[in-house]
Every structure is written in structure tokens, then in C-alpha cells.
Amino acid sequence: MLKFQRKNFFSLINNSYTDDIIKIIDCEIRSKRLVNKFKISDVSSLDILRENSILFLDNEPKFSKLNFDNILLITSKVKIFNNKKLKNCILVNNLNYSWNTIINHIYSHEDDLKYSDDFIYNNNSYISKNAKIDPSSKIFNNCVIGKGVEIGKNCIIKNNVVIKNSLIKNNVVICDNTSIGTTGFGFDSRKRGSSFLSPQIGIVIIDDNVHIGSGCSIDRGKIDYTYIGKNSMLDNLVHIAHNVLIGENACIAGQTGISGSVVIGNNVTVGGQAGFAGHIKVGDNVIVAAKSGVTKNITNNSVVAGFPAIDIKEWKKSIIRQRKNGH
Amino acid sequence: MLKFQRKNFFSLINNSYTDDIIKIIDCEIRSKRLVNKFKISDVSSLDILRENSILFLDNEPKFSKLNFDNILLITSKVKIFNNKKLKNCILVNNLNYSWNTIINHIYSHEDDLKYSDDFIYNNNSYISKNAKIDPSSKIFNNCVIGKGVEIGKNCIIKNNVVIKNSLIKNNVVICDNTSIGTTGFGFDSRKRGSSFLSPQIGIVIIDDNVHIGSGCSIDRGKIDYTYIGKNSMLDNLVHIAHNVLIGENACIAGQTGISGSVVIGNNVTVGGQAGFAGHIKVGDNVIVAAKSGVTKNITNNSVVAGFPAIDIKEWKKSIIRQRKNGH
Amino acid sequence: MLKFQRKNFFSLINNSYTDDIIKIIDCEIRSKRLVNKFKISDVSSLDILRENSILFLDNEPKFSKLNFDNILLITSKVKIFNNKKLKNCILVNNLNYSWNTIINHIYSHEDDLKYSDDFIYNNNSYISKNAKIDPSSKIFNNCVIGKGVEIGKNCIIKNNVVIKNSLIKNNVVICDNTSIGTTGFGFDSRKRGSSFLSPQIGIVIIDDNVHIGSGCSIDRGKIDYTYIGKNSMLDNLVHIAHNVLIGENACIAGQTGISGSVVIGNNVTVGGQAGFAGHIKVGDNVIVAAKSGVTKNITNNSVVAGFPAIDIKEWKKSIIRQRKNGH
């Protein structure tokens, strides 16, 4: 996994120690066990554990060998809380609510009125004073490049492109009216609306030699990142949701949508207007036909079609059967 | 129904009395009956009747108790014209043509070269001198906020957002590259092209605490408004057509499209890439699975899937049958 | 076919004679036959042959009567190369690779760091000094109009619109956040990524009285052009790929996507979220229902639905069968 400095994108607006966290979510706490005290300086995921951080966790984890001395674990699951190896642990009623409260206390982000950035108008675009753009790269007109963003060598960012909360490597082309690093669609299904939006404090990483078409939206990760692998190509009006990881050499045709936390392997080809349900895994060398709806994991080297997507030969047979049936 | 001042968005470019209207569409008129003379100051729909207005109507109405003293009704239906309660009525050959001619005579709108607005460049965005934005709200870079627009308290309007012909209430978040208040796709199917576009002189109303993703398009109403209810959430690249009414707490995933005049109840959840045919009604607490094509009214508490969308259990059974058939 | 001056959009960055071309792709050449020497000043397609040009061709052509004296043909097909009528012909290993190498040598285009344009900020938009806009047309705010672009009379270009590599005729309306003339999704499927993108040096032509909605993307042609015929109307979030030709009076609803090189006749109506596979032909007066996936040529006056799209009556019957089967 790649590392990034969260504070370059999301300012720490309050110094918080483990004790402070308890005060903030006081009414949510069912039980707690705090052996060590430390200053919270980041947020962890199971994929990327960070020193002096909070880890929000409700999934059954495999963390037996991990050192949790300087991680504060917050969970709503009694079974997790009861694992005595976890020295610093809070059992809460509602993990989403705790996430919202704690993250909004610690960080400012763009869906929060406290957020700010400081731009200069340079060559017809707004560039944050805290963005780093290699001078070999070209930015066309009416773009916005937010704080923390780094753009590597020989990139071309066309017109009216918005890039925030993102690291762009080398030789990347991003076409007109595309938005990168936007807010993921994360929320508690019971409490809707912008005020209850789950704060999204991850980023987007776009690796070398990627081409992104016009009118696309790529949401940033919730904690870690949304990733587009080397040499991958996205056509126009493609939607990539938060936490999606796409491997190398992907080719994704127009108007395809990939839901949150999907993991896609290397050398994958996707036709236009295809859709992927959240949290599924797609193997290497997979081909997904246009207009497919992929609802389950897909193994390496598969060719799938239809909705729900199945092996393309099976799909073709089922289409023939449907249509012959009447004759 | 909510009220709004049409003239804040669409200038009255000609003072027109009932007699003037007759001259403008003279060659379209088959018969007329004018008891009262008055100055036309607005346009009515059956949902919102306004004083001193014109009402264009071809649907069989239920207006027996309404006062039509100061409403000029225009219809192409003899049956409606023959209702003697209607004191001021014109029978025309073609209602669309009459709409286009009269509205283009009375109003200027953004699809008309006579339209104008007066902007100041303020904090990196173009804000109309006739827009009202609460100082607690934040507008990022490269936005355009048109005349008549009101933005309430604590809203966040991100980068490259265009908002015209709209009222935005409080705590609303609108993400990058989204367009609000755009022109509805209204036309006479026999006379196509920009010159014959049906003038759209309604607005968009976005209620409190709504979140709208990036790259979305929300068209304004034709006469009244397109409405997004409190606490509703739209993901990225969502298309909402003219006159759509969406209730509270809607959650609509990416790349979904809702056709003109659809009415959606409260607490509705819609998966990604779903589509809704025009003029249908969707009840409260409905769940529409991803990639569904909803073609008929949906009753409260339904869960539907497929295209045409049916009860999700039936849909799942039909998928299993299709695929088992060959084995 | 319409003519346009390629050099207005894509600068010739190297004077190249037939001999130079041989040096550039030296390692790709299997055989060559050069009778005439001339300076290369353009690129041909079989549809538009140009003087002193290169023609890249791997399809079996019907060019028996054409004069190839001043055309340099490049092919990877021995059968084509062996046609002795072709006086100037190079047999290469890989046509895509040769296209990329030669075009990137001759032309600069926007996906290349050598590309440049020269803008003035005029009435709140960036207009290239080498664009021609009729003074009767209106351009709203935050637009970018690139070099070579011509905009005819009485057009309305709304906010945050990007138009490059395009000719816009008269009475055209283009709505907010739309991108016209963007880069087609052309690549060699074995070598992916922005560095191997197939250079696209064609344009977009939008004919009289066309209406284009918000958030659309229209890619330019690879060699010739993408064309939208008179009086055609595109709704919001529509994707038109490279080389697509659309006839007069088309009406294309929201979120529809049309893949590369599709040819669509006159008076065609397409519902929302429909998709078209590449390189197919759709006749006149065709109606394509919403959410259809059109995978084959469609004859005049057809009404189709479903995926793969078939006659709508057959589709409706097959839906009824599927759903009755279980009862």
C-alpha cells in the first residue's frame, strides 16, 4: 500500500488525546479500556495502520500479530472489544455516528465550512499555494488544483478540470470538465442529508501514464485512497466511487460506473455503461462486456456479460433461449 | 406547492394584455371567448394558479371550483373550450406552438439571445448582481451563480458549479462541475432543433440539507419547479429532468437518470444507473435496485429491480429461470 | 463530406517529405515502393482523400479509380501493398504504431506537450486568438474556445463549456459544463496508457439549429470528423464518441452513449440511457427505446428495444414470456 500525508490535504483542527476522544463521543460509549495515553495524529485502516491513530472497526479482523499499543480502536462489536490484546479500545453504540463526530472534530475537509484553501491565479487556473506541480506539466484554463495535490512530470490537465485531495504521478492526461478527489457517497442510511455525510478524509492516487476522459468523477477514499493503476485508460463520463482500486492497464469505456471499494485487477477491459456493485473483486485479464451489471466477484481471465453478469457464452445462450422460446 | 417570483429569473420583456396575446398567435386561433381584459403578469399551471396569468391546458382538468376570472386559458381541445365557466379562453390549433410563441414574446430566458444577466467577479466566481447568497455560505472557484438565485445558510458550493434559475435552501452541499437549473428537454417531436425548443420558465428548488454530487445535471421546471426534498442525497453524474419532484431523505446513487415530471415520495433509495420513465409516480419508502428501468408507478414500500422494473423477488426468480432453462 | 482545414486546429510541427516518413518508422518497415516524392501536407481517409497526404489503410479498399499519385499509402496488409496501382506504398508491421509515430511527428495536438494555444480573456471566457465567433452569438462565463474553432450566427454557449477542434454552425445552443472536441478513446489494445494514445486529429462539426444539453462529451474525429446534423437535440450527460455521424432531426435523451464510428440516419429518436456498439449503422426514422443496447445495424423505420436491441414488439413478447414462465 502507498503512503501519503493526510495533513497535507486535511488540516488537523484540534489536538486530540485519547482522553479527548472519550469526551467527544461520551454519550455513545458503552464501555472502554485505555491502557496508554497518546496524542491522536492520524486515522488507520486495517490496510494501512499508522502510529498514534484511531482505527474504526466493525468487521471481524485478523490482527493477531499487530501492535496496538498506540492505536485507539473504536468498535460497536462486543466480540472485538473483548479481545484483550487490544490495549486501547472503546465500545460504542453506533460506529458511523462515532466516525462522523470524531473525524469532524479532528479534521477539516471540504464538506465542512471550516475548510479553507489559499489559491493563486496562475496561467488561467486556480492553483493552491500548497499544491506542487512539476514545471514540465501543462494545465489548461479554468482548472482548480487544491491543497496537497502533487502533479508529476509531463502531465496534461485540460480545461475546467478540478483536482483536489489527489496525487497525480507522471505522464497523466486528464480531459475537460473532469472532477478528481470529490466526496465519496458515504452515509448512514438512517440519517441522510449533507449534515450527516460521512467525512471522507482519504485521497485519489493516479499512477503513471493514465488517461482520464472528459466529464468523469473520481471520488477520494474514505480513509486510504482510490487508486488508478499505471497505463489505465478511462473514457468519458466514467464514475469511480470511493476506495476503488484499479490495477494496471485497465481500459474502461464511457459511462461505466464502479461502486465503492471495488478492487479490479490488472489488464481489465470494461465496455461502456457497465456497472459494478460495491465491495466486489474483479481478477486480472477480465473482460466485462458493455452494459453488464457485475454483482459478484469475477475470477481471473473471465469474460462476462449481462445483468447480473455471467460468463459471456452462457449469457449469449440465455439470450437466444429467451428469444426462441416464443417461436 | 411553493411559490416563487418568476420575474426574478425571467424578465418580462413585453407588457402584454389579453388582446395582445390574440395578435401574437393570430394564425393559430380557431375560436376565442374573452370576457375580461387584463394585463398578463405570469403563467399558471393547474398545480399553481396565479392571478392575471395564462394557463395552457390540454389535459382534462378538474377545475370546477376554480376562479378563472383573471386567467386566460389556451387549449387545443374543443371540449375544454366549450366549458362555459371559462370566461377567457382561446382555442388554438397547436398548444406547443402557442406556448413557444407566447412565452418567447413575454419572457426572456437563457435559451434566447435577448437574455442578459449582470455579473460581478467575487472570490473567484461570477455572481449575478441579482443573486442573494447568505454570507455564511461558501462558494469555491469558477462558479457561476445566475440572477434570481438565492442560496441560504451554511451551504457549500464547490468548484466549477453552475447554478441558475434556482432557490437553494440551507446546509446544502453541491459538488464540482455540477449544473443546476439547466434547460429541460422540452420540444415538439415534429419540430426539432434549438429554434423550436419549448421555453422553460420554471426553476429548481433544493431544500435543506441536500447533498448533490459532482457532474450532475438538474433541469429547471417548465412552469413550476423541479424539487429535491430535505436531506436527500444525489451521488455523481445523476440526471434529474424538468418538473421532477423528489421527496425527503432520498438517496440516489451514481449515473441514475430521472425523466421529466416523475414524482418520487419520501425515503426512497435508488441504486446506480437506474432510469425512470417520464410522468410516473414512485411511492414512499421504495427501493429501486441498481440498473433498474422503472416504467410504471410504484406503490409505497415496494422493492423493485430489472427492466421493466418489477418486484425484486419476482425479478430474481425470472433471472434464475432464464439461466436454468438451458440446463 | 465536408471539408475543413486541419492546420487551423493541429499545427504542422515538422515539414515532412515522403523520404522523411520512411526514416521515422524505419524499424517498422517490411517493404516499400516510392515512385513519387512529395511534401506531406495532410492525412487522408477513404472518405476524404486529400492531395499530398498519407493514407493509413488496412481494410480491403475499393479504390480502383482513385488517383494515388500524390498519396502515400501505409498498410500492414501484404495484399494491399501488392496492388501495383499504388505508386507510393509502405508495408509496415503495425499500423497503429506507425500512425502514432508519424502523426506525433507531423502534428501537435492537445494530448501532446508541444501543443499550444493563445487565449484572450474576453467577457469572462478564454477565447483563442485563432477562433472566429460571429458577434451575434453569445458566450456565457468560464468557457474555453480553442484555436481554429468557428462559431456561426445566433449561437448560445452557456457557462463552463469547453469547445476545441470544432466548427459550430448557426443557431446552436450548448448548455453548461459540456465538452466538445475532446479526445477520442483510440488506442492499441496491447499498449495502453496516455503515452500510447492514438493521436486524434479530426474535428467536431455541429450543424445549424442543434441543441446540446449540459454535461455532455462529444469527441472529435480521428481523421475526419464527428458530426451532429441539423435540428438535432441532445439531452444532458450524453456521450458521443469519435467519428460518430448523426443525421438531421435526431432526438437523443439523457445519459445515452454512442460508441465510435456509429452512423445514424435522419429523424432518429433515442430514449435515455441507451447505448450503441461501435461501427454500426442506424437507418432513418428509427426509434430506439430507453435503456436499449444496440449491437447491430438497424434498418430504416425500425422501432427497437432491449439488449441486444430487437424489434420492440418482439422484445415486449419476450419480457412477457420470461415473467409468465414461472406461473
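Where a number appears in this text, it was derived from the coordinates with a stated rule and is not lab data. Model, not experiment: these values are computed from the prediction. In this analysis, Cβ positions are derived from the backbone assuming ideal geometry, glycine residues included, and neighbour counts consider all displayed protein chains.
Using a 7 Å offset from the Cα along the Cα-to-Cβ direction at both B:Leu113 and B:Ser136, what is the distance between the two label points in nm, to one decimal?
Placing both labels 7 Å beyond Cα along the Cβ direction yields 4.5 nm.
Say a label goes 7 Å from Cα toward Cβ at A:Asp134 in every copy; what distances in nm does this one have to the rest, shortest first?
Spelled out, the distances from A:Asp134's label point are 4.6, 4.6 nm.
Against the longest principal axis of chain C, how steep is helix C:312-324, in degrees 0 to 90 to the nearest 10, with axes from Cα atoms?
The answer is roughly 60 degrees.
On a straight-distance basis, which aspartates and glutamates could pair with C:Lys129 in a cross-link, Cα separation under 19 angstrom, same-chain partners fewer than 8 positions away excluded?
C:Glu110, C:Asp117, C:Asp118, C:Glu150
Got a sec? Which residues in region C:109-151 would a label at C:Leu2 touch, if it sits 7 Å along Cα→Cβ and we count backbone N under 14 Å?
Only C:149-151 fall inside the zone, counting backbone N under 14 Å.
Under a point-charge model restricted to the Cβ atoms of Lys and Arg (+1) and Asp and Glu (-1), what is the dipole moment magnitude of the protein assembly as shown relative to its Cα centre, in debye to the nearest 20?
Computed charge dipole of the protein assembly as shown: roughly 2500 debye.
As a test, work out the antiparallel percent of DSSP beta bridges whose residues both lie in the protein assembly as shown, rounded to the nearest 5.
On the way: 45 of 228 bridges.
Among the beta bridges of the protein assembly as shown, antiparallel pairing accounts for roughly 20 percent.
Take every residue in peptide A:196-209, count the Cβ atoms of other chains within 10 Å of its Cβ, and give the average of those counts.
1
On a full-extension model of 0.36 nm per residue, what is the gain between C:Thr299 and C:Lys77, subtracting their alpha-carbon distance, rounded to one decimal in nm?
Full extension of this stretch gives 76.7 nm more.
Which of rounded, prolate, oblate describes the protein assembly as shown, given a ≥ b ≥ c as roots of the alpha-carbon gyration tensor eigenvalues and a/c under 1.5 marking rounded, otherwise prolate only if a/b is larger than b/c?
Rounded, because the longest to shortest axis ratio a/c is under 1.5.
Per-residue mean of other chain beta-carbon atoms within 10 angstrom of the beta-carbon, peptide A:122-135?
1
Using the charge dipole of the protein assembly as shown (Lys, Arg: +1 at Cβ; Asp, Glu: -1 at Cβ; taken about the Cα centre), state which of A:Tyr227, A:Gly152, A:Tyr107 has its Cα farthest towards the positive end.
A:Tyr227
Skipping prolines and chain starts, which residues have an amide H placed within reach, meaning under 5 Å, of the one on C:Ser45, given they are 5 or more residues away or on another chain?
Here C:Arg50 satisfy the definition.
Copy-to-copy spacing for B:Ser31, label 7 Å out on the Cα-to-C-beta vector, in nm, shortest first?
Taking the point 7 Å beyond Cα along Cα→Cβ, the inter-copy spacings are 8.3, 8.3 nm.
Under the rule a/c < 1.5 gives rounded, and otherwise a/b versus b/c splits prolate from oblate, where does chain A land using the Cα gyration tensor? Write down the numbers at each step before the final one.
Details: a/c = 2.16, a/b = 1.25, b/c = 1.72.
Oblate shape, in that a/c is at least 1.5 and b/c is the bigger or equal ratio.
In nm, what does the list of distances from B:Lys77 to its counterparts in the other copies look like, shortest first, when each label sits 7 Å along Cα to Cβ?
6.0, 6.0
If I model a spin label as a point 7 Å beyond the Cα along the Cα-Cβ vector, how far apart are those points for A:Lys85 and B:Lys317 in nm?
Each label point lies 7 Å from its Cα, and together they span 4.8 nm.
Helix C:95-106 against the longest principal axis of chain C: what's the angle in degrees, Cα atoms only, rounded to the nearest 10?
For C:95-106 against chain C, the angle is about 70 degrees.
Which whole number gives the average count of other chain Cβ atoms within 10 Å of the Cβ atoms across peptide C:138-147?
6
Please identify the trypsin sites (Lys or Arg not before Pro) of region C:4-82 that satisfy two criteria: DSSP loop assignment and at most 13 other Cβ atoms within 10 Å. Which are they?
In loop regions of region C:4-82 (DSSP not H, G, I, E or B), the sparsely surrounded trypsin sites (Lys or Arg not before Pro) are C:Lys37, C:Lys62, C:Lys65.
Can you give me the Cα centroid spacing of region B:259-318 and region B:98-163 in angstrom?
33
Around C:Val282, which amide H atoms from residues at least 5 apart in sequence, or from another chain, sit under 5 Å from its own amide H, with H modelled in the peptide plane?
C:Val263, C:Ile264, C:Gly265, C:Ile298
Only bridges with both residues in chain A count here: give the DSSP antiparallel percent, nearest 5.
In chain A, DSSP labels about 20 percent of beta bridges as antiparallel.
For labels at B:Arg30 and C:Ile120 in the simple 7 Å Cα→Cβ model, what's the distance in nm?
For B:Arg30 paired with C:Ile120, the spin-label model returns 5.5 nm.
Using amide H atoms built 1.01 Å from N in the peptide plane, name the residues 5+ places from A:Ile203, or on other chains, whose amide H lies under 5 Å from its own.
Residues meeting the criterion, in which the H sits 1.01 Å from N, are A:Gly221, A:Tyr225, A:Thr226.
Relative contact order of chain A, please, whole-number percent, based on alpha carbon pairs below 8 angstrom and at least 6 residues apart.
Relative contact order, chain A: 8 percent.
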